[in-house]
Amino acid sequence: MGKDVIIACDFAGRDQTIRFLEQFGNERPFVKIGMELFYAAGPDIVRELKARGHKVFLDLKCHDIPNTVGKTMKVLSTLGADIVNLHAAGTRAMMEAAMEGVTRPDGSRPLVIAVTQLTSTSEERMRSELLIDAGMQETVLHYAENARDAGLDGVVCSPLEAEAIHKRCGDMFLTVTPGIRFADGDVGDQVRIMTPDKARANSDYIVVGRPITAADDPVAAWRRCVREFVD
Ligand code: C5P
């Protein structure tokens, strides 16, 4: 898969999601299904979007004991998603179990990427609440290395971290970056943001939610993202 724009379909249910995607006519953008939509609509939403021709990033951020995550990944691999993810904080053993579980009997599997530190976590809270004394950058890079060593394909990270992650883990290690805003757009609650054209240098995929879903013309906003990030 090459560079692409992934639309975060942060909707409360199936019908709203389908109505949103119908605006795109024959175009089939890459979509992200997060916890809200998955827990509301169930696994059928993944099957339905795949059947309609979309690529799907299933963003469930699994984090549990290795045995549970391995078995969960086995179930998720049957849904046909193109990318699934988990928390690197679950340890290398958990990530290795995930890789084993996600691999289908024929050897195929979705891409698996890890969340390092959520972009909503500040260095201060990481230190005072999680008792992690290493700085944010070093923590993110170390978690990314753990993910790479466990055989994962990449990480979800801030676009501001993507360059350092490629340097540490190699160019083939994928960086999937939310926190994307147009130069002339609303920032919302995102803090460490970047425009699509700037993200292009180091991100392999950008995840874009409200700049597309809340736009007056979502299709035009998506096209603008593709133009700035991919073309
Ligand atoms: O609307 P917005 O463009 O901010 O949406 C970004 C999407 O990426 C949301 O679905 C959010 O949950 C997700 N995300 C994020 N930061 C992370 C991981 C995921 O914004 N570190």
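The values are calculated or read from the model by the stated rules, or taken from the named source; none is laboratory data. Treat the numbers as computed from the prediction; the structure is a model and nothing was measured. Reconstructed Cβ throughout: ideal geometry from the backbone, glycine too, with neighbour counts over all protein chains shown. Surface areas here come from the heavy atoms of the whole protein model, side chains and all, with no ligands, DNA or RNA. Shrake-Rupley method; radii C 1.70, N 1.55, O 1.52, S 1.80 Å.
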**Study point:** One residue from GLY34, GLY42, GLY53 being in contact (Cβ under 8 Å) with a residue 24 or more places away in the chain, among the small types (Gly, Ala, Ser) and more than 16 Å from the ligand (Cβ to nearest atom)
**Key:** GLY53
Point to revise | Matching helices (runs of 4 or more DSSP H) fully within segment 87-183 where at least 2 residues are among the β-branched types (Val, Ile, Thr) and on the phi < 0 side of the Ramachandran plot | key: 136-149
Review point. In segment 155-194, which residues are out of contact with any helix residue (DSSP H, G or I) (no Cβ under 7 Å at 6 or more places or on another chain), within 28 Å of PRO218 (Cα to Cα) and open to solvent by less than 80 Å² (accessible area, probe 1.4 Å)?
Key: VAL156, SER158, ALA162, LEU174, VAL176, PRO178, GLY179, VAL187, GLN190, ILE193, MET194
Practice item. Out of the residues in segment 166-186 that are aliphatic (A, V, I, L, M) and under 19 Å from the mean Cα position of the chain (by Cα), state the one that is farthest from ASP153 (Cα to Cα). Key: ILE180
Practice item. Look through segment 188-222, keep the residues that are among the hydrophobic types (A, V, I, L, M, F, W, C) and part of a helix (DSSP H, G or I), and return whichever of them is nearest to the ligand (Cβ to nearest atom). Key: ILE212
Practice item. Specify which of the listed residues (ASP59, ASP133) is within 13 Å of the ligand (Cβ to nearest atom) and charged (D, E, K, R). Key: ASP59
Revision key, fill the gap. Only one of (1) open to solvent by 50 Å² or more (accessible area, probe 1.4 Å); (2) of a type in the set (D, E, K, R); (3) closer than 29 Å to GLU228 by Cβ does not apply to ASP4, and that is (1)
